[in-house]
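Encoded as structure tokens, the structure appears first; notes follow it.
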């Protein structure tokens, strides 16, 4: 993880980065193996603005956000999903700027198995839940919700048609593939949601973690191919005999840092659940095998 440490050391925490005429970003200092350099909170618009994914409830990040807004009017606090690195700052930011919280439906689940994500935010309380196709707007900007379940069942992306941009949350990230953790996370839904993006004409993605994605369709096609390759690896390994998930992970993720193996195991489980639903694999206790 030394390379990540070097990137973190250079990250512009608490600063306002101008990314386009309508988009600014403030980076929270909550880096981890699962959040990369931290949560990128986006400010959309000028004068009257929306804030997307306010991030963790950390005083320094909240102060940096309020300073970045510099007297502007916040019309909406927008949330992609309710992991703790995305939504907890919504309530204190609402108290500071007086804007309503809008976005995904509330979802706070107990984490099963090893800790592989930031966990769900039980404090999230939206003033308005946005369904697929719903929009909020301000002077010169519009944000339209796109339901993209998979990483979580309540995940929303937001299209900014004025710049042909998409705020992709954790559905498509700028540094890694998304973790898909059952029972709420679904590999079937994740791949279907990726295919949904291929029907769009977005020119740029703004993920909550990592840099902007400048060739989004190419990346999305690559993510779908990657999942198909992982599926193929699983089937090939199970053709050699029944195996538990850790044995699959040890081979499939041999070149990945061991700290990420628990997360990899959850994504392997998501693949196995999808394969089981399609009649391709069965399970006996903790050992998975090809279906007879």
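Restricting attention to region 14-27, the residues that are free of Cβ contacts under 8 Å to residues at least 40 places away in the same chain and buried (at least 16 other Cβ atoms within 10 Å of the Cβ) add up to 1. Within region 2-54, the set of residues being touching a helix residue (DSSP H, G or I) at 6+ places or on another chain (Cβ under 7 Å), on the phi > 0 side of the Ramachandran plot and either modelled with pLDDT of 95 or more or not assigned by TED's automatic domain parsing to the domain that holds residue 89 (or both) is empty. Consider region 120-145. How many of its residues are within 24 Å of residue 56 (Cβ to Cβ), without any contact (Cβ under 8 Å) to a residue 60 or more places away in the chain and not in a loop (DSSP other than H, G, I, E, B)? Summing the residues that are within 24 Å of residue 56 (Cβ to Cβ), without any contact (Cβ under 8 Å) to a residue 60 or more places away in the chain and not in a loop (DSSP other than H, G, I, E, B) in region 120-145 gives 4. Surrounded by fewer than 18 Cβ atoms within 10 Å (Cβ to Cβ) and without any contact (Cβ under 8 Å) to a residue 24 or more places away in the chain - does that describe any residue in region 157-166? Taking every residue of region 157-166 in turn, at least one turns out to be surrounded by fewer than 18 Cβ atoms within 10 Å (Cβ to Cβ) and without any contact (Cβ under 8 Å) to a residue 24 or more places away in the chain.
Scanning region 249-292 for residues that are in contact with a helix residue (DSSP H, G or I) (Cβ under 7 Å, 6 or more places away or on another chain), under 20 Å from residue 184 (Cα atoms) and modelled with pLDDT under 95, we see that the one that is surrounded by the fewest Cβ atoms within 10 Å (Cβ to Cβ) is 261.
The values are calculated or read from the model by the stated rules, or taken from the named source; none is laboratory data. Note that the structure is predicted; figures quoted are calculated from it, not measured. Reconstructed Cβ throughout: ideal geometry from the backbone, glycine too, with neighbour counts over all protein chains shown.
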